[in-house]
1. Inside region 261-276, can you point out the residues that are out of contact with any helix residue (DSSP H, G or I) (no Cβ under 8 Å at 6 or more places or on another chain) and over 14 Å from Ala375 (Cα atoms)?
2. For region 200-219, name all the residues that are among the charged types (D, E, K, R) and either buried (at least 16 other Cβ atoms within 10 Å of the Cβ) or not in a helix (DSSP H, G or I) (or both).
3. Assess whether Ser266 counts as being closer than 18 Å to His379 by Cα, touching a Lys or Arg at 6+ places or on another chain (Cβ under 9 Å), of a type in the set (Gly, Ala, Ser) and crowded, with 18+ Cβ neighbours inside 10 Å.
4. What do you reckon, is Ala397 surrounded by 19 or more Cβ atoms within 10 Å (Cβ to Cβ), of a type in the set (Gly, Ala, Ser), part of a strand (DSSP E or B) and touching a Lys or Arg at 6+ places or on another chain (Cβ under 9 Å)?
5. Take Pro324 and decide whether it is within 14 Å of Ala116 (Cβ to Cβ), within 22 Å of the chain's Cα centre (by Cα) and surrounded by fewer than 18 Cβ atoms within 10 Å (Cβ to Cβ).
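The values are calculated or read from the model by the stated rules, or taken from the named source; none is laboratory data. A quick note: this is a predicted structure, and the numbers were derived from the prediction, not measured. Cβ sites come from the backbone with ideal geometry, for glycine too, and all protein chains shown count toward neighbours.
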Amino acid sequence: MGALRPGDRLPSSRELMRRHRVSPVTVSRALGLLAAEGLIVTRPGAGTYVADPPRGVAGAADLSWQTVALGERTIQADGVLRLLALPAPGVIPLAGGYLHQDLQPSRALGTAMARASRRPDAWERVPVAGLPELRSWFARAVGGAATVDDVLIAGGGQAALSVAFRALAPPGAPVLVESPTYPGAMEIARAAGLRPVPVPMDDDGVLPELLAEAFAATGARVFHCQPLHANPTGAVLAPDRHEQVLAVARAAGAFVVEDDYARYLSIEAPPPPLARYDAHGTVVHLASLTKATAPSMRIAALVARGPVAERLRTAHAVDTFFVPRPLQEAALELVSAPAWTRHLKSVAAHLRSRRNLLAAEVTARLPGARLRPPAGGLHLWVRLPGWADDAALADEALRAGVVVTPGRLFYAAEPPGAYVRLAYGAAAETDLAEGVRRLATVWPTPTT
């Protein structure tokens, strides 16, 4: 196209197939995309031609006026965009937050979607809160006092978290977050005009005494946490801290947003969610099917009781009306089938194997690396030797053909050390050793 000018005729489809050695379907799709973008026009009986530029447009438009109109507010998404970036061909992704394709229940998903699409009411509206049967399934999974009326179906964990933050805190308010934590949570908070405030954690989860101090110092009314397989550390909140965290939040008159994103990625038997111990409506529980299935299975649930549940439903309805019925029906078909339990057992076994393999390779090949293998999730949290530059290491690793995530993205304030997050669930198992071998070529040398 670059060699053609407006009005020039394109080669025939047969010629394009010959030149580029592609199928008729590929040529047809390519021409369709170019036509949709207004770059070519088809004249029946005459052929396909390069389109003339729109009238009144001469060169690139000056769009600098938009800077003034947009104002000072910005939306930061560096962490999320980095995590969502697709690796180039030949690059090994030791980064990312979704199961590798060979771990996804593709056949079961296809069957579930086919059944859902054949329903007579497949494209009709659903209740704003979601399909009652799917809500009931989530309520049973949470347990405790949760009922179908407490559940709201949302379009994935990210959307559910966005609804929760905006419903629970006004712009300008602080939101307490674990340190380190999932970058997407901090970026949602900032996009809503909230201020993420870090609360330190150790290998057993958030530290209750420091959580109490943070509530007292900031006046925050929301605490976001991941008690099970916290992203990025993999930490599991110790059982003796469950009631402590709830008691601290109750004393502060605050909500706990329990982001239970990895419930179905456990390698070892997981403890019950915080929501099961909650008798006072303190917990807003977030559950998701996406991580254990596939990136496009954007189904999550918010579980809450009392006035906050109505606030969540209202905020969600204003945003999206409801989650598309076919996706909800497919999710219900999937989790109701016997194959669901078999899939979870298979995922746990494969994640165990991959975790052990990646941990062994890191220990053997990366001098000075420190890690604690998690009991579930998708990642290893690896401490670099000394005060190495994690961002520079990630850039060098990419040039070496492997993607890793720099640890600084996971902190709301200055990090206490240099880390990288390595994903054992996002790459093919056969690529894990090679990924670490490539990372070893740029790994910093420990200093004494």
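1. Hit for region 261-276 is Pro272, nothing else.
2. Within region 200-219, Asp202, Asp203, Asp204 meet the criteria.
3. no
4. Considered against the rule, which asks whether it is surrounded by 19 or more Cβ atoms within 10 Å (Cβ to Cβ), of a type in the set (Gly, Ala, Ser), part of a strand (DSSP E or B) and touching a Lys or Arg at 6+ places or on another chain (Cβ under 9 Å), Ala397 comes out as no.
5. The answer is yes for Pro324.
Yes/no matrix, rows are residues, columns are (1) more than 13 Å from Val80 (Cα to Cα); (2) touching a helix residue (DSSP H, G or I) at 6+ places or on another chain (Cβ under 6 Å); (3) of a type in the set (D, E, K, R); (4) at pLDDT below 95:
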position: Val142; (1), (2), (3), (4): yes, yes, no, yes
position: Gly156; (1), (2), (3), (4): yes, no, no, yes
position: Leu161; (1), (2), (3), (4): yes, yes, no, no
position: Phe165; (1), (2), (3), (4): yes, yes, no, no
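For every residue, the table says whether it meets (1) under 15 Å from the mean Cα position of the chain (by Cα); (2) closer than 28 Å to Leu357 by Cα; (3) modelled with pLDDT under 85.
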site	(1), (2), (3)
Ala58	no, no, yes
Leu63	no, no, yes
Ala77	yes, no, yes
Val80	yes, yes, yes
Tyr98	yes, yes, no
Gln104	no, yes, no
Ala108	no, yes, no
Arg115	no, no, no
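Each row is one residue, and each column tells you yes or no for (1) among the β-branched types (Val, Ile, Thr); (2) surrounded by fewer than 17 Cβ atoms within 10 Å (Cβ to Cβ); (3) within 21 Å of Ser353 (Cβ to Cβ).
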| site | (1), (2), (3) |
| --- | --- |
| Gly368 | no, yes, no |
| Gly376 | no, no, yes |
| Leu384 | no, no, no |
| Leu393 | no, no, no |
| Ala412 | no, no, no |
| Val420 | yes, no, no |
| Ala427 | no, no, yes |
| Thr447 | yes, yes, no |
